[in-house]
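Following: one structure in structure tokens, then a few remarks.
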Amino acid sequence: MQDAGILRSFAFGNFGTVFRMNPLFIAGSGAFAAAGAIAYGAVHPRSQLFGRTIYRTDSARKLALTFDDGPNAAFTPKVLDLLDRYNAKATFFLIGRFVRECPELVKETVARGHEVGNHTELHPNLLWLNPTKVRVELRLCHDAIRGAIGSPPKWFRPPFGMRNPWVIPAARELGYSTVMWTLIPGDWKERPAEWLMGRLQPIADRAKRSLGNGGNSATAGTGDVLCLHDGGHRELHSDRSRTLAALEYWLPRWRDLGLEFVTIGEAVSTPAP
């Protein structure tokens, strides 16, 4: 009953009650266990507690490049040009209000062979929203993307990666699969490009282990989903020069290691040869 009480608090959006001054957290190991499970389900990118997500590719050769918080008229075109240079395909998770500002840029992104996904209308932390507000956020972005390109996307990524028990079901109602990641290096942080380059080293390390011996290692079966940002959720023209510089450095090196740059749709289809 204690665990059920915690879940009821989530259901009605009473998160302050759950995390502050709740006697359930003063006594009762079951309540602590439930809180820990909820926290894991809400935050961890590989958690399947609140519904199935995609967080890796189906082949060690496939690297799924994903970009959040666009479209961004200042930097998305530069990202697209860079991807073209390396015949790289990616998935862009878009904020609805920015889609309405830059519909032609969304069309161009799709025309260049990339995929787009729903990243909500305003980029709120969905953990704190009730089911109705979650659905509104998804629906508004859904309609904006459909209005820009003529069809709805297939993919959804929750802002900050945060989920509660009704986020993934609400996404499924609109026909979405929810996408998380294996690596999120923090490219939004005000750090030098060299710092970001170092944060992307694990992708090369895993590629060397899994592909360097012909793909026979224990990790050969899956690959990375990388979460970067071509925009910023607070403003339309965010500076993403560090992201561009890091990709300029890593794209040719990842390619030389044998990685193939794919969309999420390609990431979960037939494994690359």
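The values are calculated or read from the model by the stated rules, or taken from the named source; none is laboratory data. Please read these numbers as outputs of a predicted model, since none were measured by experiment. Don't worry about glycine lacking a Cβ; one is built from the backbone with ideal geometry, like all the others, and counts go over all protein chains shown. All accessible areas refer to the heavy atoms of the entire protein, side chains included, with ligands and DNA or RNA removed. Shrake-Rupley method; radii C 1.70, N 1.55, O 1.52, S 1.80 Å.
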Suppose we take every Cα in segment 65-109 and form the convex hull; what volume per residue is that in Å³? 60 Å³
In bins 10 Å wide, starting from 0, what share of all Cα pairs of segment 117-244 does each bin hold, as a percent? 11, 33, 31, 21, 4, 0
Suppose every K and R has +1 on its Cβ and every D and E has -1 on its Cβ; what is the size of the dipole of segment 132-273 about the Cα centre, in Debye to the nearest 20? 380 debye
At a 1.4 Å probe, what is the % contribution of carbon and sulfur to the accessible area of segment 107-156? 55 percent
Within straight-line cross-link reach of residue 208, lysines at Cα separation under 17 Å, skipping those fewer than 8 residues along the same chain: 62
Please give the Cα centre distance for segment 141-206 versus segment 92-106, rounded to the nearest Å. 15 Å
Computed P(r) (all Cα pairs; segment 124-199; 10 Å bins; percent): 18, 40, 27, 16, 0
Which residues does a label at residue 174 reach in segment 48-62, if reach means a backbone N under 20 Å from a point 7 Å past the Cα toward the Cβ? 50-55
Can you find, among 151, 185, 66, the residue sitting farthest towards the positive end of the charge dipole of segment 64-187, where Lys and Arg contribute +1 and Asp and Glu -1 at Cβ? 151
Cα-only Rg/Rh for segment 176-263 with Kirkwood Rh rounds to 1.00
Protection-proxy order for peptides 98-104, 144-150, 192-198, each taking the mean of Cβ atoms within 10 Å per residue, highest first: 98-104, 144-150, 192-198
